[in-house]
Each structure stands twice: as structure tokens, then as C-alpha cells.
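Okay, handing you the structure first.
The values are calculated or read from the model by the stated rules, or taken from the named source; none is laboratory data. Only a predicted model underlies this, so the values are computations on that prediction, with no experimental measurement involved. Neighbour counts run over all protein chains shown; Cβ positions are idealised from the backbone, glycine included. Surface areas here come from the heavy atoms of the whole protein model, side chains and all, with no ligands, DNA or RNA. Shrake-Rupley method; radii C 1.70, N 1.55, O 1.52, S 1.80 Å.
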Amino acid sequence: MRLDKKNDVMTQDEIFDCYRKAGEIHRKLIEESREKVKKGVGVYEFADYIDKRTIELGGLSAFPVNISLNEEAAHSTASFEDERKFEKDVIKIDIGVHVKGYIADGAITIDLSGKYSDLVKASEEALNAAIDVVKAGVSTTKIGETIEDTIQGLGFEPVRNLMGHGVDKYIAHAEPSIPNCRMKYDATLVENQVIAIEPFATDGEGFVVDGKFCEIYSQVKNKPTRIKFIREILEHIKTYNGLPFAARWLPQNKTDMALNQLLKEGTITAYPVLIEASGGIVSQAEHTLIVTEDGCEVTTR
Ligand code: MN
Ligand code: MN
């Protein structure tokens with residue numbers, strides 16, 4: 001048993017039911033994404049569909065749907081006046097759903113170019129291989145090795161500075177980190193721990209850097225502000241309970257100015273779009289799972 005933010009007590013079973021419900025909604029959203037993401041469809045239109053559908057299905061967004069194209073690995077999403085349409089792109093759709101703060105985080109790659117099926121397969125197979133080795137007592141180092149070996153065995157490189165992670169109530173990225181390669185980072189998985197594993201594969205170097213665009217932020221500090229339009233935006237931001245939000249979700253009144261000021265004051269942090277350093281194309285696959293004594297229960301499958 002543990003205490004909720006609002007002090008209501010939930011049993012471990014009730015908590016797992018929330019994780020499972022979030023996982024079911026997530027699975028439905030991924031199925032629908034496979035139908036929706038087609039050439040000529042607007043990026044904003046798709047993002048807005050996912051935002052609304054998440055709520056219709058009984059969940060809330062744990063973070064804005066990441067719609068990262070080609071050499072973008074993560075943290076790209078629709079802006080308020082986004083006019084982009086899907087073309088012959090390699091598209092990472094990364095969706096976060098929560099039920100009472102308990103999160104399902106998972107991703108797929110859709111290849112509209114028709115040229116990158118092997119790259120898409122590399123991250124999918126690495127994810128399956130990693131899931132196969134998960135159980136209580138296994139070290140995160142073993143998972144990293146499995147992912148690297150699988151991706152390199154298929155002729156690609158893992159993205160080394162992106163990692164999977166633990167998941168906790170209202171915390172999208174908790175300890176431990178789950179590496180995507182051989183790395184001196186050793187944590188031991190324990191029973192009932194909830195983690196997300198997310199291999200990224202690329203035909204480039206295998207390293208991401210910050211790009212110049214940023215549409216995703218999260219609140220990290222509670223600091224009052226006197227300026228009225230900023231206060232209005234901050235009140236809205238507080239409703240996300242520290243989880244990442246999209247600029248397009250905010251009241252559109254001097255939003256850029258407010259975000260810049262809140263960044264300067266350290267009230268929010270920014271998640272710029274992450275781009276493969278050598279311009280390689282990137283694929284991603286991700287599931288959330290509950291670690292069990294002899295394996296795991298994948299909540300998003
Ligand atoms: Mn994700
Ligand atoms: Mn994740």
C-alpha cells in the first residue's frame with residue numbers, strides 16, 4: 001500500500017488495475033494510429049485526434065503524443081499552427097496514457113517511405129528480445145547488451161544516449177534507466193517494478209543531439225508569478241501534475257512569451273526535439289511492463 005497524492009490509499013492490485021487500464025487504452029490508440037497515419041494526413045489533425053481519443057477512452061495524456069519524423073528520434077509533436085502533412089516519412093508515434101497517474105508508455109514506427117522495413121524490424125526485434133530476458137533479479141546491463149546485440153546483428157546501431165526507464169505515479173521517467181547498449185549502468189530489476197523499454201535503431205552514428213524546435217515542456221518548480229497572462233498559463237500548466245505538456249494545449253494568449261519567462265524563472269523545463277547527430281534515420285519500439293518473479297506482464301500489448 002502507498003499513499004496517493006490526494007491521500008487516498010490504493011492497494012497494489014488497484015494500482016496494477018490502473019496500469020492495465022492505461023495499457024488497454026494505449027493499445028487501442030496504437031491500433032488507431034496504424035489506421036490514421038497515412039500520406040497527406042495533417043500532423044496537427046493526428047495529434048488532436050490522439051488527444052481527444054485518449055479522454056474518450058477514459059484516460060488522460062501522460063505526455064503529448066510524440067510524432068517524430070525521419071532523423072528526429074523523439075520529443076517532436078504538433079505545434080498550434082502546424083501545417084505539416086505526413087509524406088514518405090519514417091514516423092515514430094510515442095503515446096503516453098495515464099489512469100489516476102499510473103502510466104502506459106509505448107511507441108511504434110510507421111514507415112510510409114517503404115524503404116526502411118529492416119530498420120523498423122531492428123527496434124521491434126530488440127524490444128522483443130529485451131522483454132524475453134526481463135524478470136526479477138535481472139540486471140539492466142543484460143537488457144542493454146541484448147538490445148545492442150540484436151540491433152547490430154541486423155546491421156544497425158542503437159541510439160546510445162536514449163534510454164528506457166522506470167515508471168511511477170505521475171512520473172513518466174523514474175529510476176532505473178534501462179540502457180539501449182553495453183554501458184556501465186547496473187540496476188537490478190525487482191518484482192512488481194513498472195518499467196518502459198524503448199530501443200531506438202538507426203542507420204546513422206547512434207547518438208542524438210538537441211534540435212532547435214521545442215513544443216514539449218514540464219513544470220519542475222512551484223513559483224508564483226504576478227503577471228496576469230503568465231499566471232493564467234501557469235494555472236493551466238499545474239493541471240498536468242508535473243507531467244509533460246504541449247504548447248498547443250495552453251491558452252493561446254502570448255504563449256511563447258509566457259513559456260520563455262517561465263523557462264527563465266526555472267518554473268518549467270524544455271524538451272527540445274532530439275535529432276540523430278549524423279542525420280541517420282531512426283526507428284523506435286516501446287512497451288511498458290510489470291516485472292514478475294519469472295518474467296513480466298506487458299501492459300501495452
Ligand atoms: Mn515513450
Ligand atoms: Mn518511454
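Say R0 is 51 Å: what FRET efficiency, to the nearest 0.05, do Asp210 and Val9 get from their beta-carbon distance?
About 0.80, to the nearest 0.05.
Find how much the distance from Asp256 to Ile171 grows on full extension, using 0.36 nm per residue of separation minus their present alpha carbon separation; answer in nm with one decimal.
28.1 nm
Amide H neighbours of Asp89 under 5 Å, counting only residues 5+ apart in sequence or on other chains, H built in-plane at 1.01 Å?
Leu112, Ser113
Follow-up question, since we're still on this one. Karplus couplings for region 158-169 from phi (6.51 cos²θ - 1.76 cosθ + 1.60, θ = phi - 60°), rounded to Hz, Gly and Pro as x?
Here the 3J(HN,Hα) series is x, 7, 6, 9, 10, 9, x, 6, x, 10, 9, 4 Hz.
Alpha carbon centre of region 78-99 versus region 20-46: separation in Å?
With region 78-99 and region 20-46 each reduced to a Cα centre, they are spaced 10 Å.
Alpha carbon centre of region 213-244 versus region 101-137: separation in Å?
Here the two parts' Cα centres lie 32 Å apart.
Relative to the present Cα-Cα distance, how much length would full extension add between Asp48 and Lys228 at 0.36 nm per residue of separation?
The span from Asp48 to Lys228 would gain 62.0 nm if fully extended.
So how much slack lies between Asn128 and Asp294, counting 0.36 nm per residue of separation and subtracting their Cα-Cα distance, in nm?
Once the chain is fully extended between Asn128 and Asp294, it gains 58.2 nm.
Right, another one. For a quick check: with amide H placed at 1.01 Å from N, whose amide H comes under 5 Å from Ile281's, ignoring anything fewer than 5 positions away on the same chain?
HN-HN under 5 Å from Ile281: Asp203, Gly204.
So, counting K/R as plus one and D/E as minus one, what does the shell of residues with Cβ under 13 Å around Gly40 add up to?
+2
With each pseudo-label sitting 7 Å past Cα toward Cβ, what's the Ser117-Glu56 distance in nm, one decimal?
Reported label-point gap for Ser117 and Glu56 is 3.1 nm.
Ignoring the sites themselves, what is the longest stretch of the chain with no chymotrypsin sites (Phe, Trp or Tyr not before Pro) in a DSSP loop and at most 15 other beta-carbon atoms within 10 Å?
Maximal segment without exposed cleavage sites: 81-184.
Note down the Stokes-Einstein diffusion coefficient of region 1-124 in µm²/s, whole number, using a Kirkwood radius over alpha carbon pairs, 37 °C, and 0.692 mPa s.
212
How large, in percent, is the carbon and sulfur part of the accessible surface of region 206-301 at a probe radius of 1.4 Å?
Carbon and sulfur atoms account for 52 percent of the accessible area of region 206-301.
Regarding the chain, what are the three Cα extents along the principal axes, ordered largest first, in Å?
Principal extents (largest minus smallest coordinate, Cα): 56, 48, 36 Å.
For the chain, what is the accessible area per residue in Å² when the probe is 1.4 Å? Please report the intermediate quantities before stating the final value.
On the way: 13740 Å² over 301 residues.
With all protein chains present, the chain gives 46 Å² per residue.
Further question: Find how many whole Å separate the alpha carbon centroid of region 59-75 from the alpha carbon centroid of region 159-180.
Computed from Cα coordinates, the inter-centre distance equals 15 Å.
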